[in-house]
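In what follows, a single structure is set out as structure tokens and then discussed.
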Amino acid sequence: MNFQNENIWLIGASSGIGEATAKNLASKGANLLLSARSEDKLNSLKSSLTGAHHVYPLDVSNRQEVFEATKSIRRQHERIDRVIFLAAIYEPTAIEEIDPDFAEKTFRVNMLGALHLTQALLPILQEQKKGQIVYCASVAAYTGLPYGQPYGASKAALTNFVESLTAEVKDYIDIKLINPGFVKTPLTDKNDFDMPMRIEPEEAADAVVKGLKQKGFEIHFPKKFTLMMKILAALPYSLNLALCRKIAKKRKEKA
């Protein structure tokens, strides 16, 4: 799969799936525009890659920073071929222990960050009459899982936003949604419960990169796990909620 000379803006590139995806795309000839909050980590990643790449540090929750970075990229590059939004924050917790400030920050990064990016990008992609935006949600958006808030709610909101966006934008703008299962990243390392079928970030990156050029809206992996979650989400509430309560009970017993 060739991405030779494509300008790909990768947001959330400093670790986890983002870092692995950067390495994968660089090996296939892409020119990467790397963004995350940590400039040091981005520069370290850039130095490890072959090819011509650029660093644009930003906090996606800051609307002004997103628009300024978008303008800088537009001035410095002839076009933007693809944009992959992987930025996210997460902290597992019980409902009664949620820090309201962190909950607000979670929505600002996971959901509003995607909104800021979209509004900054659309005029450029409409002018180009070509481009792709790929957003990373989660299987946690499929159904309300215990101890997954506010992360799950923010990803469900993101999913709804991306679905609506797909219905509104012109056909020449390709919109895709990534729904990963458990991937070994600094975020999932915070979990103290069993994570079935957890995969390495390199495997996740391979699925993401393959999905960029495939038809269809959703990129989800690992398939065995995501299909199980789709079935759970499709069950009547009486069954779905009963199963979720069992999951919550088992976790309390282990705590």
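The values are calculated or read from the model by the stated rules, or taken from the named source; none is laboratory data. Treat the numbers as computed from the prediction; the structure is a model and nothing was measured. No Cβ is skipped: glycine too gets one built from the backbone with ideal geometry, and neighbour counts run over all protein chains shown. Accessible surface areas use protein heavy atoms only, side chains included; no ligands, DNA or RNA. Shrake-Rupley method; radii C 1.70, N 1.55, O 1.52, S 1.80 Å.
Okay, residues lined up against (1) within 20 Å of residue 17 (Cβ to Cβ); (2) hydrophobic (A, V, I, L, M, F, W, C); (3) open to solvent by 40 Å² or more (accessible area, probe 1.4 Å):
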{"site": "144", "(1), (2), (3)": "no, no, yes"}
{"site": "148", "(1), (2), (3)": "yes, no, no"}
{"site": "154", "(1), (2), (3)": "yes, no, no"}
{"site": "158", "(1), (2), (3)": "yes, yes, no"}
{"site": "168", "(1), (2), (3)": "no, no, yes"}
{"site": "182", "(1), (2), (3)": "yes, yes, yes"}
{"site": "191", "(1), (2), (3)": "yes, no, no"}
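Of everything listed in (1) surrounded by 13 or more Cβ atoms within 10 Å (Cβ to Cβ); (2) not in a helix (DSSP H, G or I), the single unmet condition for residue 205 is (2).
Scanning segment 198-248 for residues that are in contact with a Gly (Cβ under 6 Å, 6 or more places away or on another chain) and free of Cβ contacts under 8 Å to residues at least 60 places away in the same chain yields a single hit, 222. When the test is whether a residue is touching an Asp or Glu at 6+ places or on another chain (Cβ under 8 Å) and open to solvent by less than 20 Å² (accessible area, probe 1.4 Å), residue 177 passes it. From the list 70, 50, 21, 93, the one residue that fits, being at pLDDT below 95 and either under 27 Å from residue 127 (Cβ atoms) or open to solvent by less than 30 Å² (accessible area, probe 1.4 Å) (or both), is 93.
Conditions tested, residue by residue: (1) free of Cβ contacts under 8 Å to residues at least 12 places away in the same chain; (2) touching a Leu at 6+ places or on another chain (Cβ under 6 Å); (3) farther than 30 Å from residue 5 by Cβ.
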{"position": "75", "(1), (2), (3)": "yes, no, no"}
{"position": "80", "(1), (2), (3)": "no, no, no"}
{"position": "96", "(1), (2), (3)": "yes, no, yes"}
{"position": "103", "(1), (2), (3)": "no, no, yes"}
{"position": "112", "(1), (2), (3)": "no, no, yes"}
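How many residues, within segment 26-47, are open to solvent by 30 Å² or more (accessible area, probe 1.4 Å) and free of Cβ contacts under 8 Å to residues at least 60 places away in the same chain? Number of matching residues: 11.
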